[in-house]
1. For region 166-187, state whether one or more residues are closer than 29 Å to residue 125 by Cα, modelled with pLDDT of 90 or more and surrounded by 13 or more Cβ atoms within 10 Å (Cβ to Cβ).
2. Can you list the strands (runs of 3 or more DSSP E) lying wholly within region 100-167 that have 1 or more residues being touching a strand residue (DSSP E or B) at 6+ places or on another chain (Cβ under 7 Å) and within 26 Å of residue 195 (Cβ to Cβ)?
3. Can you name every residue in region 28-44 that is surrounded by 15 or more Cβ atoms within 10 Å (Cβ to Cβ) and closer than 13 Å to residue 227 by Cα?
4. In region 87-99, what residues are farther than 11 Å from residue 60 by Cα and in a strand (DSSP E or B)?
5. If you go through region 83-115 one residue at a time, how many are within 19 Å of the chain's Cα centre (by Cα) and surrounded by 13 or more Cβ atoms within 10 Å (Cβ to Cβ)?
6. Given the conditions (1) farther than 17 Å from residue 40 by Cα; (2) free of Cβ contacts under 8 Å to residues at least 60 places away in the same chain; (3) in contact with a strand residue (DSSP E or B) (Cβ under 6 Å, 6 or more places away or on another chain), which single one is not true for residue 91?
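The values are calculated or read from the model by the stated rules, or taken from the named source; none is laboratory data. In this text the structure is predicted, and so the values were computed from the model without any measurement. Ideal geometry is used to build each Cβ from the backbone, glycine not excepted, and the neighbour counts take in all protein chains shown.
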């Protein structure tokens, strides 16, 4: 009984310590910060979940990415993104720290939207949303992609896209024409499509992995935007050594 009471007391002490709030003097300050770039994928329509990627740079290591707010004015066709950062006290390395992250915009009405940074008032780019032509989720069925990256192909020396995921029925496959890579300025849009092989389907877990050789000339830095079945695209800012 004594051991049980001691164990309970220790656990209560641990929980109490974990619940203690961070002292005010140790908390970082939430400050406004500017964005200097937006990677804006193409191909969204008015029933898509819209995502863009924004980027900026901190002056030293005392800053980390904080929350953002996107104010959407569908009448004026303008999206103003307010980015914040956590500013920590103490010694910092005097090096610039790039950052980027996905901004979730949800479903938007059709139109051309200007994307503006709230801190600098700079126009970061234009987002185009077309009118949906049918009530389905997508005009084409996308594969369920779990992840994607860009590597150097060992045979050709060219950049290569690799992506993978898991199908839940054996009657589907990722088509031979799965990747129609479209480079729009600094965004590489990948639309991995599904193809039905047969009518009789067995349920299960059927992993797939696709490698696709990309054009040798790519921008020094670009957004890899890979559509996926669940509506959450894979978004990665790529600065590989293969880019010259």
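1. Yes, region 166-187 has at least one match.
2. 123-130, 145-152
3. Within region 28-44, 41, 43, 44 qualify.
4. Residues of region 87-99 that are farther than 11 Å from residue 60 by Cα, as a first pass: 89-90, 99.
Hit for region 87-99 is 99, nothing else.
5. Taking region 83-115 and keeping what is within 19 Å of the chain's Cα centre (by Cα), we get 83-85, 97-108, 115.
When the remaining residues are screened for being surrounded by 13 or more Cβ atoms within 10 Å (Cβ to Cβ), the result is 83-85, 97-103, 105, 107-108, 115.
Of the residues in that region, 14 qualify.
6. (3)
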